[in-house]
Amino acid sequence: MKRSLLNKALLLGMVALAFACKTKKVIVPTPAPPVAVAPTVDKRGEYISLLKTKNINFNTLAMKGKANLDLNGNTNNVSINVKMERDKKIWLSITAVLGIEVARAVITPDSIFVLNKLQSTYLKKPLRYIYGYTSKEVNFKMLQDVLTGNAIGSFYNPNAQLDVNDGLYQLKGNQGNLAFTILFNTLLKPKETNLNDVVAAQALKVVYADYQKVNEFVFPTAININSMSGRRKVAIDLNFSKVELNVPVDFPFSVPKRFELIN
């Protein structure tokens, strides 16, 4: 029973981390808001195109840093290593004190794999398994967008409402049972993303700050995440000290023979 609970806690942590970056050095300041301009129907497409130009475009992404992870009141400070291949794979490694790796995971568009090195167990599930921890509307590309600090691409749908208040953009609407609101800062990057699935009693709030220039893009190196799914609560604060785009990456993941498969 304890082994099962620990594996579920590790999976929940991996899912939370995949929704997730804090460096002490803020390289790109956020300018003051411009004069407010009310959006018109004719301008909506133009505004959306402008917001999309601020998305981080990459083939590969590599990030390293520290994380404070709170799972239902149990707090842990760990090191984290994240690598991504666009639209194909997200790889995560979590290391505890003394440099001991405690967990490793790979997320693909259709599957999730988790190694629990503390208990010598592993998990192999379809991606829909995460629906026990997050909304059924969540998919791989959504995880990828949130992790890279991009506005979630599927939310730019024809029914979404785009407002401009005091020169700041706000996108809100619904996707299935998922209600969303994205607040943009004056860099035209997401400042806050709120997701609510009332039917499933699930909510996620992601707050972005501290921008760093990475290649020709600006990257939000501070991300604070609060997630709730039923009685499960996750709070996470990440501090990535190194972010690299379009560098060679590998995704080491193998299951030792002694590891036990957990359902």
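Taking (1) hydroxyl-bearing (Ser, Thr, Tyr); (2) more than 23 Å from LEU188 (Cα to Cα); (3) crowded, with 20+ Cβ neighbours inside 10 Å in turn, TYR208 satisfies each apart from (2).
Restricting to region 136-188, give me the number of residues that are in a helix (DSSP H, G or I) and within 17 Å of ARG44 (Cα to Cα).
The first filter runs over region 136-188 and keeps only residues in a helix (DSSP H, G or I), leaving 140-148, 153-155.
Adding the requirement that they be within 17 Å of ARG44 (Cα to Cα) leaves 153-155.
Number satisfying all stated conditions: 3.
I'd like to check something: does region 183-196 contain any residue that is modelled with pLDDT of 95 or more, among the hydrophobic types (A, V, I, L, M, F, W, C) and farther than 25 Å from MET63 by Cα? Within region 183-196, none of the residues are modelled with pLDDT of 95 or more, among the hydrophobic types (A, V, I, L, M, F, W, C) and farther than 25 Å from MET63 by Cα. The number of residues in region 31-72 being surrounded by 10 or more Cβ atoms within 10 Å (Cβ to Cβ) and either modelled with pLDDT of 70 or more or under 12 Å from ASN239 (Cα atoms) (or both) comes to 29. Among the residues of region 242-260, those identified as part of a strand (DSSP E or B) and surrounded by 15 or more Cβ atoms within 10 Å (Cβ to Cβ) are VAL243, GLU244, LEU245.
The values are calculated or read from the model by the stated rules, or taken from the named source; none is laboratory data. Keep in mind it's a predicted model, so treat the numbers as computed, not measured. When we count neighbours, we look across all protein chains shown, and the Cβ atoms used for this are built from the backbone with ideal geometry, even at glycine.
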